[in-house]
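A.B. asks: Just passing along the structure, written as C-alpha cells.
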Amino acid sequence: MTVNRTAPRLIDRGDLLAALDRAAAGKVTIISAPAGSGKTSLLRAWAGRPGQPHRLAVMQVQRDQHDAQQFWLALLGAVRQASATVSPAEPPAATPEFNGRAMVDRVLSELGGHHGRLILVIDDLHELACPDALAQLTRLLTNLPRDVHAVLATRRDLPLRLHQLRLAGELAEIRAADLRFSERETRELLDASGITLSEAGAALLHQRTEGWAAGLRLAAISLADHPDPERFVEEFSGSDRTVAEYLLAEMLEHQPGEVQQLLLRTSLLDRVNGELADLLTGRTGSERILLELEDANAFVVSLDAGRTWFRYHHLFADLLRLELRRTLPEEVPALHRRAAEWFTQHGQVVDAIRHTQAAGDWPAAARLLADHSFSLMLDGQTQTIQALLRAFPPGADHPELALVHATVELVEGRLDEAAAHLVVAETYAEGTPADRQRGLRVAIAALKLSLARRRGRWAGVVEQVRFLASPVTGQSDEDIALGSDLRAVALMNLGIVEAWSLGLEDAERHLQEGADLAREIGRPYLEVSCLAQLGFASKIRPFATARRRCQEAIALAERHGWGTEPIVAPALVTLAGVLVWTGDFDGGERWVQRTELALQADTGPDIRLLLHLTTGILRACRGRHREALEEFSAAERLRSQLEGSHALASQVTGWLLTTQARLGMTGEARACLAALDDERAGSGEIRNACAVICLAEGDPAAALRALQDVLDGTAPVVGYVTVVVTHLLAGLAHRQLGDQRAANEAVERALTLAEADRLVLPFAITGSAELLEALPRHETAHAALLTDILDVVHGSSLAAEDPPVPQTEELSPTELRVLRYLPTNLSRPEIAGELSVSVNTVNTHIRNIYAKLQARDRSSAVQRARDLRLLSGGRTR
C-alpha cells in the first residue's frame, strides 16, 4: 500500500466539534447513527484535540458483550485511569456473583471523588447485549455527580429510560444527519489525502455518498492511486451498503497482494496483532503492514498505547468478511481453527471457543467450553457462557456440555435443573479417557458440593469427595491452571459443607488451603470467600481468633470493593455475633445492618438463617423478646428448608423454645419440644431450652434434671457457650430451691469458662443479675469480668477493642494455673494452699509470670493476661 505519512488522520471538523462541545454541556449526550457514520472518528478527534479542557474517561464496549459485569469493570477501570489521583483500592476483579446495583454505587462513588469536570465517553454501546446492564446504566446516567457528564456512541437507539433528563433539557442528541460531511468538508478530505478532483467531481462524490463518512474514506483510499479519478466517481452509486461494497472492492484491487491477503484472512478476528496475522497469512511482516494501514487512516485502529493490537472498523470488517466468503470460502474453516489454536495457547478462551464454533468443529468447541466453564464462571462471564451454549446447533448431542449447563443453572439458582445435568455429567465422565476423567470428577464434585450447600443436603456428599484434599495435577501448564481453579472452588465448597456439618477442624484446614491456593493463582474472590467462611468455621477457636479471621476477610474484601457483597456476609454476621456474645451490642447492631446490606441478593438459606439467628439474639439480649421471636421463627423456617442436620439446627430451635418460654408461651414451647426427634431433643442446646421452660413453669427440680446430661458431658453441644448457659440455668434452679452455695458454685464455673473470651451474653440473656450480685466478691477468681457483666446486665454495651499482639514467652501449664488466681483477692500463701504447693513455689511462678508478661506488678500482669486471653480455666467442648 502506498502510504502518505504526511496525510492527517482526521480533518478538522470544527463545526461538528463545536456542536459536540455544546451538547456535552448537558448531562448526557447520545451520538446515534449507523455504521460508518463517523461516530468513533468524531470522538477521537474531540478527545485528542490540543488543549482538550476536560478530563475524559474513555472506554469502548467489546463486541457482542453479554456480561454486565465485564462492562462495568471496564467502565470502572476507565474512570480510575482518568483520575488525577491513584485509587487506594485494588484493581477491579470479576466475581461469579455480580451485584449490579452495588457496582453502580461504586462507580458513582469513584466519580464523586473526582475534582473538576469529568466526561465519560462510551463508544460502541450497541454491542452491550445485556438488558440488566442497560438498566443499570440508566441509573448511573440519571444520578451522575454535578461535574460529571457522559457521551454515548451507538449504532441504534437503546432502551435507556432518560426521559427525565430530556424533560430537564439535560439530554442532547447527535444523529446521522449531523455527522454527514458537507461539500466543503468533502473537498478538504480530498485535499488532505492528496487527491486532485475537479469541483464538479468533488460535488458529485459528495452527492453520491451523501456525505457518508465511511464512503468518503473508502473513496479517498481508492482515488489515491486511481488513474482516472473523474471516471471513478461517475461509475458508482446506490445505497450506503452498495457504495461501501463497491469502494471496498476497488480499494482491495489496488493494494499489493500481501495487503489484500492480510485484510481478508484476518477480517474474521475482532482484534489482531502481528503474530496472529502472520499465522493466518503464512507470512511475516504483518505488524508493519498493520502500522502502515493505521498511519494511512485505512479503517485500522490501534487498541493499546504500544500499537501492538489492532481492530478494523466494524463496517470495514463486515465487508471484508463478505469478500472473504466470496473469494476464499474453502479456507474459512481452517482460518478459524488456526485462530482458535492461537487464542487457546494464549489463554483467551472465549475467542478460542467462538472461532472453534465458527469452524464448525462442534465437538471440539463443546470440550473447550466444558473444560473452561468453571474459569469463565469465576471471571463473571455466566451470560457469555449462555451465549456460547446458544450457538451450538439445536438438538446436537454433546454430553460434555452437561457440566456447563449444570454450572449455569447453579449460578442462576435453578437447583433441580442443575442436579439433573450433573447426573448426565457423571454418566458421561465414567466413559471418558483417564487423562480427562480426573478433571471432570473434580468439576462434578465441586458442583455437587455447591449444590449440597445450597440445599443443605450434606450427609454423604463430603465422604464422596474426600479425594479433593489431594492436589490436582496435569500434563501441561493449562491442565494445572484449570485444576487449580477447580480445586480452589472445590476446597471452598468442601470447607463450607464441613463447617455446616460440624466437621470444624476439617473445615478450617480446607478453607485455609483454599484461601492459600486462591491467593497463589490470583483469584481474590475465592480467597475472600474462603476467609469469610473460615471466620464462621472458627467456632472451636477463641472468639479473638474468630474475630481476627473475620476482620482479615472483611479488610481484603474492602480492598477489592466487595465490603457489602454477599461473598463477605459470613464474616460480617460472624463478627456481629462475636461482638454480641462479648457484650458489645451496639457494635453487633452495626455489623448486623451491614450484613443485611450484603444479603440484598439471594445467597441461599444458610447465611440468611445465621443473620436471623444473630439478629434474634441481639433483640433478646435487649429485652425485645417479641421481635426476637419473629427472627427466631424466620430462622426456624429457613432451617426446615435445609435438608439435613447442620451446625445451627439445635441452636435455632433452642433459641426459639427459650424465647417462647420467656414470653409465657410455655404451651407452644412444649408442643415444639414434643415434635423433635430424639437426636435433636438430646442436644445440649435443646436440654437448656427445656430447663428454661421448666423454670418458667416454676419447676426448678425438673430444670436440673433436664440439665444433667449437659453438666456431666454426655449431651452433645455445638460449643462451650452452651455449657456456660447450662451452669447459669443450674445456678438459677439451685437459687429457686434455696441452695445458695450450689448457685454460687454454678456461677463461678460459668465465669471460669467465660473468662478467656470475656463472654457476657449468657449472663445477660438468662436473667442472672441476682445470681451475680449474690456472689461474694472475695470468693470469685473473676472479679473484673463479673463487674463488666453486671454493667451490661444493667444496660451498658461494652465497646470491643482490638487486642494487642505483643511478643511474649509462652507460660508453662503450672504458671497458667497460678495466673488464674492473680485476679482474686487471695494472698500468695492462700494461693499456695489452693494449689497444695509451697509459698516459695508460688513466688517463683509469679516472678516468671511477671517476666514473661513484661509486667511490673500483680495488677499489670492481670491486665496483660486479659489482653492475651490467658485467663482461662479450661473449656468443655
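A.B. asks: Over region 119-208, how many percent of alpha carbon pairs lie in each 10 Å bin up to the one with the longest distance?
C.D. replies: The calculated distribution, bin by bin, is 13, 35, 20, 18, 13, 1.
A.B. asks: Calculated from DSSP H runs of 4 or more alone, at -39500 (n - 2.57) each and per residue, what is the 222 nm mean residue ellipticity of the chain, nearest 500?
C.D. replies: Dividing the helical sum by the residues of the chain leaves -19000 deg cm²/dmol.
A.B. asks: Using amide H atoms built in the peptide plane, which far-off residues or other-chain residues are under 5 Å from residue 160 H to H?
C.D. replies: When sequence neighbours closer than 5 places are left aside, there are no close amide H contacts.
A.B. asks: Okay, moving on. Apply the Karplus curve 6.51 cos²θ - 1.76 cosθ + 1.60, θ = phi - 60°, to the phi angles in region 573-589 and return the couplings in whole Hz, x for Gly and Pro.
C.D. replies: Using θ = phi - 60°, the values come out as 6, 5, 4, 4, x, 4, 5, 5, 5, 9, x, 8, 5, 5, x, x, 4 Hz.
A.B. asks: Right, another one. For residue 36, enumerate residues with amide H under 5 Å from its amide H, sequence gap 5+ or separate chain, H modeled in the peptide plane.
C.D. replies: Result for residue 36 returns 315.
A.B. asks: Same structure, new question: In the chain, what percent of the accessible surface is made up of carbon and sulfur (1.4 Å probe, ligands and nucleic acids excluded)?
C.D. replies: 49 percent
A.B. asks: When a/c is below 1.5 the answer is rounded, else prolate if a/b is larger than b/c, else oblate, so apply that to region 19-142 with a ≥ b ≥ c taken from the square roots of the Cα gyration tensor eigenvalues.
C.D. replies: Because a/c hits 1.5 or more and a/b fails to exceed b/c, region 19-142 counts as oblate.
A.B. asks: Relative to the present Cα-Cα distance, how much length would full extension add between residue 705 and residue 175 at 0.36 nm per residue of separation? Show your work: numbers first, answer last.
C.D. replies: Numbers: separation 530, 0.36 × 530 = 190.80 nm, distance 8.41 nm.
Full extension from residue 705 to residue 175 adds 182.4 nm.
A.B. asks: Something else now. Which whole-Hz ³J(HN,Hα) couplings does region 649-661 yield from phi under the Karplus relation 6.51 cos²θ - 1.76 cosθ + 1.60, θ = phi - 60°, glycine and proline marked x?
C.D. replies: 4, 5, 5, 4, 5, x, 5, 4, 5, 4, 5, 4, 5
A.B. asks: Related question: Accessible area per residue for the chain in Å², computed with a 1.4 Å probe and the full protein assembly in place, what is it?
C.D. replies: Averaged over the residues of the chain, the accessible area is 41 Å².
A.B. asks: If you place +1 on the Cβ of every Lys and Arg and -1 on the Cβ of every Asp and Glu, how big does the dipole about the Cα centre of region 719-767 come out, in debye to the nearest 20?
C.D. replies: Around 80 debye, computed over region 719-767.
A.B. asks: Another one. Can you find, among 160, 251, 324, the residue sitting farthest towards the positive end of the charge dipole of the chain, where Lys and Arg contribute +1 and Asp and Glu -1 at Cβ?
C.D. replies: 160
A.B. asks: Next question, about the same structure. Return the FRET efficiency for the residue pair residue 857, residue 115: r is the Cβ-Cβ distance, R0 is 56 Å, and the value is rounded to the nearest 0.05. Write out the running numbers ahead of the final one.
C.D. replies: Working: r = 55 Å, r/R0 = 0.98.
Result of the calculation: an efficiency of 0.55.
A.B. asks: Which angle between 0 and 90 degrees, to the nearest 10, do you get for helix 524-536 versus the longest principal axis of the chain when only C-alpha atoms count?
C.D. replies: 10 degrees
A.B. asks: DSSP beta bridges in the chain, what fraction antiparallel, as a percent rounded to 5?
C.D. replies: 20 percent
A.B. asks: Read phi for every residue in region 321-330 and hand back ³J(HN,Hα) as whole Hz from Karplus 6.51 cos²θ - 1.76 cosθ + 1.60, θ = phi - 60°, with x for Gly and Pro.
C.D. replies: Karplus-based 3J(HN,Hα) across region 321-330 equals 5, 4, 5, 4, 5, 6, 9, 10, x, 6 Hz.
A.B. asks: Sort out for me the Cα centre separation of region 323-338 from region 414-448, rounded to whole Å.
C.D. replies: So the two Cα centres are separated by 36 Å.
A.B. asks: Continuing with the same structure: Could you order peptides 160-167, 811-818 by the average number of other Cβ atoms within 10 Å of their residues, highest first?
C.D. replies: Listed from highest to lowest mean packing, they are 811-818, 160-167.
A.B. asks: Can you give the relative contact order of the chain as a percent, counting alpha carbon pairs under 8 Å and 6+ residues apart?
C.D. replies: So the answer I get is 7 percent.
A.B. asks: So how far, in whole Å, is the C-alpha centre of region 267-292 from the one of region 749-791?
C.D. replies: 77 Å
A.B. asks: Over its Cα atoms, what ratio of radius of gyration to 2.2 N^0.38 Å does the chain give?
C.D. replies: For the chain, the normalised Cα radius of gyration is 1.23.
A.B. asks: Taking H placed 1.01 Å from N in the peptide plane, check which residues at least 5 places from residue 30 or on another chain put their amide H under 5 Å from its amide H.
C.D. replies: 152, 172, 173, 174
A.B. asks: Under the classification rounded if a/c is under 1.5, otherwise prolate if a/b is larger than b/c and oblate if not, where does region 495-566 fall, given a ≥ b ≥ c as square roots of the Cα gyration tensor eigenvalues? Don't skip to the end; give the middle numbers.
C.D. replies: Values: a/c = 1.98, a/b = 1.35, b/c = 1.46.
It comes out oblate by the Cα gyration axes.
A.B. asks: Same structure, new question: Would you report the distance distribution of C-alpha pairs in region 305-364 as whole percents per 5 angstrom bin, up to the bin with the largest distance?
C.D. replies: Final binned percentages: 4, 18, 18, 24, 22, 11, 3, 1.
A.B. asks: For region 407-448, rounded, prolate or oblate, judged on the Cα gyration tensor with a ≥ b ≥ c (square roots of eigenvalues), a/c < 1.5 rounded, else prolate if a/b > b/c?
C.D. replies: Because a/c hits 1.5 or more and a/b exceeds b/c, region 407-448 counts as prolate.
The values are calculated or read from the model by the stated rules, or taken from the named source; none is laboratory data. Nothing here was measured: the structure is a model prediction, and the numbers come from that model. Counting neighbours? That spans all protein chains shown, and the Cβs are built from the backbone with ideal geometry, glycine included. Accessible surface is based on the protein model in full, side chains and every heavy atom, while ligands, DNA and RNA are left aside. Shrake-Rupley method; radii C 1.70, N 1.55, O 1.52, S 1.80 Å.
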